[in-house]
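J.: Before we start, here is the structure in question, set down as structure tokens.
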Amino acid sequence: MFTKFEHFAATSLMGSPEEAPPRQDGHLHFDRDWEKMAFGVAIALSKQGHYEWEEFRQTLIETIGEWEATHDLDDPEWDYYQCWVTALEKVAVKSGVLEAGELEAQMAQLLNCKDSSPAP
């Protein structure tokens, strides 16, 4: 269930197909765990006031534009969420939340966490 801010953030990206996150059956679609995490981190950092959501959105649009300027539009290497992570790192570094290059290591650490609770 989305909060009002999360709903706003998600739907603000739905303007044009180029800007919109991948969807399946009308719902946001994530192929890999890190995609969900990156999506959530971007929303959470904005919600906590580290940057404005519009700043992230514009950075994402610019990042996609940069990728498109250096690749064929039908390039099979296209990865929306890789652009998302690049944009997230740009705004997180600019706002002082992270150092350059730190985001990938932090996400990998979170994804590799083991459940420390004892087995039942």
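The values are calculated or read from the model by the stated rules, or taken from the named source; none is laboratory data. No experiment lies behind these values; they were computed from the predicted model shown. We place every Cβ from the backbone using ideal geometry, glycine too, and count neighbours over all the protein chains shown.
J.: Out of GLN106, GLN24, GLN58, which single residue is polar (S, T, N, Q) and modelled with pLDDT of 90 or more? Full working, then the answer.
T.: On the way: GLN106 fails: modelled with pLDDT of 90 or more; GLN24 fails: modelled with pLDDT of 90 or more.
Sole residue among the options that is polar (S, T, N, Q) and modelled with pLDDT of 90 or more: GLN58.
J.: With surrounded by fewer than 18 Cβ atoms within 10 Å (Cβ to Cβ), in a helix (DSSP H, G or I) and among the small types (Gly, Ala, Ser) as the only criterion, which of ALA87, ALA44, ALA100, ALA92 stands out?
T.: Working: ALA87 fails: surrounded by fewer than 18 Cβ atoms within 10 Å (Cβ to Cβ); ALA100 fails: in a helix (DSSP H, G or I); ALA92 fails: surrounded by fewer than 18 Cβ atoms within 10 Å (Cβ to Cβ).
Going through ALA87, ALA44, ALA100, ALA92 in turn, just one is surrounded by fewer than 18 Cβ atoms within 10 Å (Cβ to Cβ), in a helix (DSSP H, G or I) and among the small types (Gly, Ala, Ser): ALA44.
J.: Right, here's the next one. Restricting attention to segment 84-101, report how many residues are over 18 Å from GLY65 (Cβ atoms) and in contact with a Phe, Trp or Tyr (Cβ under 9 Å, 6 or more places away or on another chain). Don't jump to the end; show me each part of the working.
T.: First, pick out the residues of segment 84-101 that are over 18 Å from GLY65 (Cβ atoms): 92-93, 95-101.
Then drop every residue that is not in contact with a Phe, Trp or Tyr (Cβ under 9 Å, 6 or more places away or on another chain), which leaves 92, 95, 97.
Counting residues in segment 84-101 that are over 18 Å from GLY65 (Cβ atoms) and in contact with a Phe, Trp or Tyr (Cβ under 9 Å, 6 or more places away or on another chain) gives 3.
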